[in-house]
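Notes to accompany the following structure.
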Amino acid sequence: MDLSFTPEEQAFREEVRRFLEQRLPASLRRHVLEGLHAPAADTVEWQRLLHRQGWGGPSWPTEHGGTGWDPVRQYIFEEECAAAGAPRLLPFGLKMVGPVIMRFGNEAQRRRFLPRILSGEDWWCQGYSEPEAGSDLASLRTRADRQGDHYLVNGQKTWITLAQHADWIFCLVRTDHAARPQAGISFLLIDMKTPGVTVRPIVMLDGGHEINEVWFEDVAVPVENLVGEENKGWTYAKFLLGHERANIAGIGSSKRELERLKRIAAAELKHGRSLAEDPFFAARLAQVEIDLMALEITNLRVLSAEAEQRTPGPEASLLKIKGSEIQQALAELMMQAVGPYALPFRVEALDGGFQGEPVGPAHAAPLAATYCNLRKTTIYGGSNEIQKNIIAQLILGL
Amino acid sequence: MHFNLTEEQRALADTVQRFLAQQYGFEARRKILRSPEGWSREIWGKLAELGLLGLQVPPEHGGMAPAAIETMLTLEAMGRALLVEPYLASAVLGSALVGALGSPAQREALLPAMAEGRRIVVPAHGEAGARHDLSRVATVARRGGAGWVLSGRKAVVVHAPAADLLLVSARTSGAVDDQQGISVFAVPPGSPGVRLIPYPLIDGQRGADVVLTEVSLPADALLGAEGAALTALEAAWDLGVAALCAEAVGVLQATLDATTEYTRTRKQFGGPIARFQALQHRMADMLMSVEQARSMSYLAAMVATSDDLRERRRKLSAAKVVVGQACRFVGQQAVQLHGGMGVTDELAVSHGFKRLMAIEASLGDTEHHLERFITESR
Ligand SMILES: Cc1cc2nc3c(=O)[nH]c(=O)nc-3n(C[C@H](O)[C@H](O)[C@H](O)COP(=O)(O)OP(=O)(O)OC[C@H]3O[C@@H](n4cnc5c(N)ncnc54)[C@H](O)[C@@H]3O)c2cc1C
């Protein structure tokens, strides 16, 4: 056993760091490091910059235009990007539909869709959940009925992240109503500009707009947009969910947020002294830092298993649960660190260009909203309760 | 020993609950929140008619103080309805401070008008560097002309934009954290040199920073003896803690009820999600948390005005710790058990969650009260 990175891996880390220093624009960096709302344009700009460097697909194999990095390099890359304040890359194309198309799509689909994900030309969103199909995804009802050379899609998806910016949505739809729930589902790619597609915003508890309802009314989707075989969509979806969970631990961004928490604590006062020196606060901060340290090692264990070609197993559930809890704990501590100044809630102050009169320290402005917003992390991507069911059933065999 | 209410107390609780159930539903409240002022004068008038604005006002000024249990019952009902009007700010903290510090003339000028709903009087005490320390006051008042001149900045004054009168604490002597040397002044918000920077708070209520630049006040703007206001401020804040605990219990119960109801009706995997034992146990934990908070809100109401300072501080801080922890746990789990619906603005649950957040952070957060409990137990 050896927990240190090899000289090659360290050299790689240096290379990434240099790139970030030179090429990551300060405006993008600032939105992330200060916890402000990053506009959609930041995400696209960053994807394009990476693409120009040849790094548009950090987790993709070279045959599809990716970097071909092994899991450890991917991890180093993500960690450095997060630390530098790079916008989060959209997972929907790179980590979800991309790998599904590579594995189960046909050659035409690969040529048509994959390059546009790498270049940032296409913004994808994920159309799985429905009002009556959340944790119980297999009960989904959006239907696609074959009519000659196309499917006619009708139904409603909900909670769709950033669908308001999306060019494409990948959907689970029901193509066989007689089969048992999992057996009648297909994986369909739908152009958001097709007539009959409607996006309606859902206002979240922090006042933000990042999720949407997506409605389909007699939407004609060419049969060539079916991925793999009809009625095999559940298999592809399960393949994809494994990927989604493995990347949900967010170690890199939690490390960055831990540093932000430390900066805030050093700047805040309690009884006239730095909050960082307060034993109550220091103990709670240390606890989160320690939890994160343990999770990082667990994450590396899972990665090295992956590097040895063992497929990501149900351990991903552990990463998801602990990762989301740590994200929430950090947000909670940051909010508590600023005392009464956590309460003012000025949505406009969360945009990078805010020119109004500040109240309280600038670092306090986004904290309550972030705390509220991050309640989502234990709900989405398979809720933490569902993840525990998976651990109980698949790891413990109960 | 008993936990029974009198006939009158039960009737009061019924009246308040019925009034709020009829006039302060979720949609009515949403409309109020979206109005320019963010609270309703009409509702305020009705609270006055019901006698609720006089619960901290002595009978000789038109109120019914002391009324610890009535206050508790009222705030619990208000918590259930997520009331956003400046009740805690003016009818509890403001009235208590005027009652404790005001001269007979000042009391007569303010308290009846407050009880009748004609004037809203809001303390402006907290400051940026103070966090939750009551004695840390950097705003200064010096003698000038025939009266006083105030300069400084008050932070996150809840409901300052609604105030007809601010009760501003300022240092008339001593170092920034001295116990002695803090005085309270009546400051009309329209006075030259007073500037409010208003904003909504996370729970939808309104607040402001109050910037004071060489504000000239007459001699009789001072409430109480010069430099000796800390005791009264602390007493008012302690009364406020008891009130907040009671309000929290109302929000907590409503939030728990909404969650059990939701899990009974929400169906996944072929039946209601309430049948999953993982969720049943979670809700059992939530119930225990609410009941412990309720017990402590009773204790808080009973000791809120006690003369035994040490006991008062210990027990109120203990109550705020138990309640604060319940606010966090129950609030978070209620959202969690609602799944995606929990993080939308659409259901009451997220509004309750945010009010619980604000309650935990107000009048001393959990950590502050844990620390005060330790200090007072030594
Ligand atoms: C911010 C956000 C973004 C999202 N983005 C997307 C997206 O882009 N695309 C997409 O398709 N979906 C998205 N989702 C949907 C997400 O995947 C679902 O919210 C999630 O699967 C839970 O489903 P639900 O909301 O219907 O809750 P429910 O399934 O109704 O669950 C409610 C509660 O019951 C619990 N529960 C359910 N079943 C069990 C069980 N068997 N045992 C124990 N407890 C159980 C849950 O854990 C939860 O606490 C998003 C959700 C959120 C909040």
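The values are calculated or read from the model by the stated rules, or taken from the named source; none is laboratory data. Because the structure is a prediction, the values reported are computed rather than measured. Using ideal geometry, Cβ is built from the backbone for each residue, glycine included, and neighbour counts are taken over all protein chains shown. We work out accessible area using only protein heavy atoms, side chains counted, and drop any ligands, DNA or RNA first. Shrake-Rupley method; radii C 1.70, N 1.55, O 1.52, S 1.80 Å.
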**OP:** Report relative contact order for segment A:124-231 in percent, whole number only (criteria: Cα-Cα under 8 Å, sequence separation at least 6).
**Re:** 30 percent
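Based on the inverse mean of 1/r over its pairs of different Cα atoms, what is the Kirkwood hydrodynamic radius of the protein assembly as shown, in Å?
Details: mean 1/r = 0.0352 Å⁻¹.
It works out to 28.4 Å.
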Original post:
Which net charge results when you count Lys and Arg as +1 and Asp and Glu as -1 among the other residues whose beta-carbon is under 15 Å from that of B:P59?
Top reply: -4
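Give me Rg over Rh for segment A:117-256, both radii from the alpha carbons and Rh done the Kirkwood way, two decimal places.
Numbers: Rg = 15.4 Å, Rh = 15.8 Å.
A ratio of 0.98.
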Subject >> Shielding by partners, peptide A:151-160 (average Cβ within 10 angstrom, other chains) >> reply: 1
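Using only alpha-carbon positions, what ratio does the radius of gyration of segment A:329-398 give when scaled by 2.2 N^0.38 Å? Intermediate results must be reported in sequence, preceding the final value.
On the way: Rg = 17.6 Å, N = 70, 2.2 N^0.38 = 11.1 Å.
That works out to 1.59 for segment A:329-398.
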Subject >> Spatial separation of Cα centroids for segment A:108-173 and segment B:137-152, in angstrom >> reply: 65 Å
**OP:** Can you check what the net charge comes to around B:E8, using other residues whose Cβ is under 11 Å from the Cβ of B:E8 (Lys, Arg +1; Asp, Glu -1)?
**Re:** -2
**OP:** Express the relative contact order of segment A:243-398 as a whole percentage, based on alpha carbon pairs under 8 Å and six or more residues apart in sequence.
**Re:** 29 percent
Subject >> Residue-normalised accessible area of segment B:18-70, expressed per residue, 1.4 Å probe, Å² >> reply: 52 Å²
Subject >> 23 Å Cα-Cα threshold exceeded, pairs from A:K157/B:K354; A:K270/B:K154; A:K270/A:K322; A:K238/A:K388; A:K238/A:K320 >> reply: A:K157/B:K354; A:K270/A:K322
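Hey, with R₀ at 35 Å, roughly what FRET efficiency would A:A294 and A:A26 work out to, going by the Cβ-Cβ distance, to 0.05? Please list the in-between numbers first.
Values: r = 34 Å, r/R0 = 0.97.
Working from the Cβ atoms, E equals 0.55.
With a sphere of radius 15 Å drawn around the Cβ of B:E37, what net charge do the other residues whose Cβ falls strictly inside it have (Lys, Arg +1; Asp, Glu -1)? Spell out each step's value before the answer.
Numbers: positive: B:R29, B:R30, B:K31, B:R34, B:R41, B:R206; negative: B:E42, B:E85, B:D164.
Summing Lys/Arg as +1 and Asp/Glu as -1 gives +3.
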Subject >> Per-residue ³J(HN,Hα) for segment B:182-198, Karplus 6.51 cos²θ - 1.76 cosθ + 1.60, θ = phi - 60°, Hz, x for Gly and Pro >> reply: 9, 10, 10, 10, 7, 10, x, x, x, 4, x, x, 9, 10, 9, 10, x
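Give me the compactness ratio for chain A, meaning the Cα radius of gyration over 2.2 N^0.38 Å. Before the final figure, lay out each step's value.
Working: Rg = 21.8 Å, N = 398, 2.2 N^0.38 = 21.4 Å.
Normalised Rg, Cα atoms only: 1.02.
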Subject >> Heavy-atom accessible area per residue - segment A:124-231, 1.4 Å, Å² >> reply: 40 Å²
Subject >> Share of carbon and sulfur in the accessible heavy-atom surface of the protein assembly as shown [1.4 Å probe, %] >> reply: 54 percent
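If you filter segment A:255-338 for GluC sites (Glu not before Pro), then keep DSSP loop positions with at most 10 other Cβ within 10 Å, what is left?
The qualifying sites are A:E308.
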Subject >> Heavy-atom accessible area, 1.4 Å probe, ligands and nucleic acids excluded: residues of segment A:376-393 down by at least 40 Å² from chain alone >> reply: A:I379, A:E385
Original post:
Quick one: Cα centre-to-centre distance for segment B:64-108 and segment A:80-100, in angstrom?
Top reply: 53 Å
Original post:
So what is the orientation-averaged projected area of segment A:7-89, using the convex hull of its C-alpha atoms, in nm²?
Top reply: 5.2 nm²
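Treating the beta-carbon of each Lys and Arg as +1 and of each Asp and Glu as -1, no other charges, what is the dipole magnitude of the protein assembly as shown about its Cα centre, to the nearest 20 debye? Write out the running numbers ahead of the final one.
On the way: 81 positive and 91 negative charges, 62 e Å.
It works out to roughly 300 debye.
Share of Cα-Cα pairs in segment B:122-225 beyond 25 Å, in percent?
Working: 737 of 5356 pairs.
Of all Cα-Cα pairs in segment B:122-225, 14 percent lie more than 25 Å apart.
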**OP:** Taking a probe of 1.4 Å and counting only protein heavy atoms, give the total accessible area buried between chains A and B in Å², rounded to the nearest 100.
**Re:** 4100 Å²
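With +1 on each Lys and Arg Cβ and -1 on each Asp and Glu Cβ, and nothing else charged, work out how big the dipole of segment B:86-236 is about its Cα centre, in Debye to the nearest 20. Working shown, then result.
Working: 12 positive and 13 negative charges, 47 e Å.
Approximately 220 debye in magnitude.
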Original post:
What angle do you read, to the nearest 10 degrees and between 0 and 90, between the alpha-carbon axis of helix B:366-377 and the longest principal axis of chain B?
Top reply: 70 degrees
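Using +1 on the beta carbon of Lys and Arg, -1 on that of Asp and Glu, and nothing else charged, what's the dipole of segment A:124-231 about the Cα centre, debye to 20? Walk me through the intermediate numbers first.
On the way: 8 positive and 16 negative charges, 31 e Å.
The calculation lands at about 140 debye.
Solvent-accessible area per residue for segment B:231-377 at a 1.4 Å probe radius, Å²?
On the way: 5160 Å² over 147 residues.
Value returned for segment B:231-377: 35 Å² of accessible area per residue.
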Subject >> Rh by Kirkwood over Cα pairs, then Stokes-Einstein D for segment B:297-371 at 1.567 mPa s and 4 °C, µm²/s >> reply: 97 µm²/s
Original post:
If each of A:F239 and B:R264 carries a label point 7 Å out from its Cα toward its Cβ, how far apart are those two points in nm?
Top reply: 4.5 nm
Original post:
What residues of segment B:152-180 lose no less than 20 Å² of accessible area with every protein chain in place versus their chain by itself (probe 1.4 Å, heavy atoms only)?
Top reply: B:R153, B:V156
Original post:
Using 13 Å as the cut-off for backbone N distance, which residues of segment B:106-144 belong to the label zone defined by a point 7 Å from the Cα of A:F280 along Cα→Cβ?
Top reply: B:131-134
Original post:
Just how far, in whole angstrom, is segment B:164-206 from segment B:217-237 if you go by their alpha carbon centroids?
Top reply: 12 Å
Original post:
So what is the calculated 222 nm ellipticity per residue for chain A, using -39500 (n - 2.57) for each DSSP H run with n of 4 or more, over all residues, to the nearest 500 deg cm²/dmol?
Top reply: -13500 deg cm²/dmol
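Cα-Cα pairs above 22 Å in segment A:249-394: how many percent?
Values: 5106 of 10585 pairs.
The share of Cα pairs beyond 22 Å in segment A:249-394 comes to 48 percent.
Kindly provide the trypsin sites (Lys or Arg not before Pro) of segment A:117-165 that DSSP labels as loop, not H, G, I, E or B, and whose Cβ sees at most 13 other Cβ atoms within 10 Å.
Numbers: sites: A:R141, A:R143, A:R146, A:K157; in loops: A:R141.
Taking segment A:117-165 and a limit of 13 other Cβ atoms within 10 Å, no loop trypsin sites (Lys or Arg not before Pro) are found.
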Original post:
Which one of B:A358, B:Q333, B:A232 has its Cα pushed farthest toward the positive end of the charge dipole of segment B:231-377, where Lys and Arg give +1 and Asp and Glu give -1 at the Cβ?
Top reply: B:Q333
**OP:** Kindly give Rg over Rh for chain B, based on alpha-carbon atoms, with the Kirkwood expression for the hydrodynamic radius.
**Re:** 0.98
Original post:
In peptide A:330-342, what is the residue-averaged number of other protein chain Cβ atoms found within 10 Å of each Cβ?
Top reply: 5
Original post:
What residues does segment B:317-345 have that are buried by at least 30 Å² of accessible area in the full protein assembly compared to the chain on its own, 1.4 angstrom probe?
Top reply: B:R328, B:Q332, B:Q336, B:G340, B:V343, B:T344, B:D345
